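Below: one structure, written as structure tokens.
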């Protein structure tokens with residue numbers, strides 16, 4: 001059975017400041033490998049050569065992947081105002097026996113080598129309270145309900161597999177739903193949740209340390225304690241304080257415009273504001289914590 005893959009890479013990764021000001025999250029180098037490159041290599045090692053990236057934010061920075069890996073690239077001009085439903089709408093014709101992936105996922109092992117025939121969503125068990133998408137399923141592993149937030153539950157994390165039957169149904173549903181403006185600002189998972197009874201999909205359970213998704217720089221640092229970003233912004237800050245990257249923490253966005261941006265951060269328990277316009281920047285102490 002021939003399989004293909006779609007890698008979603010259009011988003012701005014707004015929670016991953018300040019690194020996302022300079023580079024899409026999928027192009028960060030983690031443990032010596034660029035995230036999206038690692039994923040492409042894993043797919044190709046599994047014999048999946050038909051790979052399409054849907055890009056948007058800083059799209060030009062993904063262009064080199066076409067020649068390096070012979071992947072296809074589709075540009076989503078609506079990435080800044082709509083959610084990933086808009087990305088899938090651009091590749092509806094590619095949905096078949098298809099892996100749907102995120103460019104910023106990190107798989108410890110090559111999960112694409114596994115045989116699969118039924119549609120599934122990967123999940124890990126999360127102890128305690130969580131704000132993630134929690135999954136309820138029956139004795140056969142069929143997902144019956146998904147709700148945002150919960151406790152001691154399996155949560156959606158990582159890749160998804162659509163088989164051809166699922167893809168056929170989902171294509172028609174998404175096309176119909178996308179006529180509504182509200183749908184365009186939603187995740188495709190929310191469309192799936194609305195029509196869950198028509199779209200049978202299994203849960204595929206993984207160990208907690210198999211799949212990683214980094215929502216912030218702090219989460220990435222927990223995974224790779226000696227992570228170095230090579231970010232010009234971070235170099236500006238570390239040069240200003242004569243410190244190391246790991247000493248700069250707790251980043252909170254303040255303002256983003258076409259010509260400038262600013263954010264708060266902490267250094268030695270003090271809060272600072274970083275402001276940059278073109279190549280000029282300043283750092284101002286705000287208050288003690």
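Residues in region 259-275 that are part of a loop (DSSP other than H, G, I, E, B) and in contact with a strand residue (DSSP E or B) (Cβ under 8 Å, 6 or more places away or on another chain): 2 in all. Here is the figure for region 253-267: residues that are exposed (fewer than 12 other Cβ atoms within 10 Å of the Cβ) and in contact (Cβ under 8 Å) with a residue 12 or more places away in the chain total 1. Could we say that residue 32 is closer than 26 Å to residue 222 by Cβ and either touching a helix residue (DSSP H, G or I) at 6+ places or on another chain (Cβ under 7 Å) or in the same structural domain as residue 177 (by TED's automatic domain parsing) (or both) here? Against the criterion (closer than 26 Å to residue 222 by Cβ and either touching a helix residue (DSSP H, G or I) at 6+ places or on another chain (Cβ under 7 Å) or in the same structural domain as residue 177 (by TED's automatic domain parsing) (or both)), residue 32 qualifies. Quick check: anything in region 276-286 on the phi > 0 side of the Ramachandran plot and not in a helix (DSSP H, G or I)? Yes, some residue in region 276-286 is on the phi > 0 side of the Ramachandran plot and not in a helix (DSSP H, G or I). Go through region 221-241 and count every residue that is within 19 Å of residue 275 (Cβ to Cβ) and loosely packed, with under 13 Cβ neighbours inside 10 Å. Residues in region 221-241 being within 19 Å of residue 275 (Cβ to Cβ) and loosely packed, with under 13 Cβ neighbours inside 10 Å: 2 in total. Looking at region 151-173, can you tell me whether even one residue there is assigned by TED's automatic domain parsing to the domain that holds residue 124, touching a residue at least 24 places away in the same chain (Cβ under 8 Å), over 30 Å from residue 2 (Cα atoms) and touching a helix residue (DSSP H, G or I) at 6+ places or on another chain (Cβ under 7 Å)? Within region 151-173 (the criterion being assigned by TED's automatic domain parsing to the domain that holds residue 124, touching a residue at least 24 places away in the same chain (Cβ under 8 Å), over 30 Å from residue 2 (Cα atoms) and touching a helix residue (DSSP H, G or I) at 6+ places or on another chain (Cβ under 7 Å)), the answer is no, since none of the residues qualifies. Where helices (runs of 4 or more DSSP H) fall entirely within region 149-251, those with at least 3 residues that are under 30 Å from residue 282 (Cβ atoms) are at 217-223, 232-241.
The values are calculated or read from the model by the stated rules, or taken from the named source; none is laboratory data. Keep in mind the model is a prediction, meaning the values are calculated, not measured. Backbone-built Cβ (ideal geometry, glycine too); neighbour counts: all protein chains shown.
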